[in-house]
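This report refers to the structure that appears directly beneath it.
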Amino acid sequence: METRQALLTRRSIRRYRPDPIPEQDLQEILETGLYAPSGVNLQPWYFVAVQSQEALDEVKELMGGVVERFRPVLKERFQRHPEQVGITSRFLTSLGGAPVCLLAFFYKPEYPSRDGTMQSVAAAIENMLLAAWDKGIGSCWMTAPQQMGFGPELQRRFAPDKGEFIAMITLGYPEGEAKLPPRRDGRYTIV
Ligand SMILES: Cc1cc2nc3c(=O)[nH]c(=O)nc-3n(C[C@H](O)[C@H](O)[C@H](O)COP(=O)(O)O)c2cc1C
């Protein structure tokens, strides 16, 4: 896929077909994350790819708790689109049927510039989203589990010594097409 096309057509996917992701593709996606730029080349990241049924079930059970805490936030946010509350809740608890979910950790919590390191992990995540889309694999980047306070539990269960959990990313082949959420005008200036 041409780079610009990948950048413009990638969408957050919240419904997936059950088809597994070939091991080689999953490894290439993860590898691509490691080639992101990082402040002072710290590479302050760690990723866990969850794909066994048992581990996915554990994540989904935990996501049930995330949704319980998140529901008031969703109701507030989607006042004009109440149907989105159910749609988002179902996605979070089922992971949309994704065969893989990545857990992203911030691996250098002791580094003084938290902003720079956090941006580096975000760059690695975006690299992986685009590498996945290049293979026709959809994704959805989620911070809800971290925002709702479930980071420590995910750390304890999946990567006890790999830093702070910051995001979850579903991966899988899209079921249907996702709409393009509108983009806001006036968000850059050339001086
Ligand atoms: C840092 C970050 C956190 C996000 N958290 C969530 C989330 O918790 N749940 C969710 O359904 N989508 C989440 N998203 C996806 C956004 O809703 C989505 O990117 C946005 O609506 C634009 O749509 P697009 O990705 O299809 O272009 C997140 C995206 C980013 C970059």
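Quick note: the coordinates plus some simple rules give every number you see, no bench work behind them. For clarity, every value in this text was computed on a predicted model and none was experimentally measured. Here the Cβ is made from the backbone with ideal geometry for all residues, glycine too, and neighbour counts use every protein chain on show.
In deg cm²/dmol, rounded to 500, what helix-only [θ] at 222 nm does the chain give when every DSSP H run of at least 4 residues adds -39500 (n - 2.57) and the total is split over its residues? Mind showing how you got there, number by number?
Working: 7 runs with 88 residues, N = 191.
Counting only the DSSP helices, I get -14500 deg cm²/dmol.
Given H placed on each backbone N at 1.01 Å, which residues far from PHE106 in sequence or on other chains put an amide H within less than 5 Å of it?
Excluding prolines and chain starts, which carry no amide H, the hits are GLU164, PHE165, ILE166.
Where the centroid of each part is defined by its Cα atoms, how far is region 115-191 from region 5-75 in Å?
7
So for each of 165-171, 177-183, 52-58 I average, over its residues, the number of other beta carbons within 10 Å; can you give me the resulting order with the highest mean first? Walk me through the numbers on the way to the answer.
Numbers: 165-171: 24.0, 177-183: 8.6, 52-58: 11.7.
Result, highest mean first: 165-171, 52-58, 177-183.
Can you list the aspartates and glutamates whose alpha carbon is less than 20 Å from that of LYS60, not counting same-chain residues fewer than 8 positions off?
Partners found: ASP19, GLU68, GLU153, GLU164, GLU175.
List the DSSP H helices in the chain whose Cα atoms stretch 24 Å or more along the helix axis and whose mean Kyte-Doolittle hydropathy is at least -1.0. Mind showing how you got there, number by number?
Working: long enough: 53-77 (34 Å, -0.54); 114-134 (30 Å, 0.20).
Once both thresholds are applied, what remains is 53-77, 114-134.
For ILE87, what is the net charge nearby, where nearby means another residue's Cβ is under 10 Å from its Cβ and Lys, Arg count +1, Asp, Glu -1?
That works out to +2.
Under a Cβ-Cβ cut-off of 11 Å, what is the net charge of the residues other than MET1 that fall near it, where Lys and Arg count +1 and Asp and Glu count -1? Walk me through the numbers before you get to the answer.
Numbers: positive: ARG4, ARG10, LYS135; negative: GLU2, ASP134.
Local charge sum for MET1: +1.
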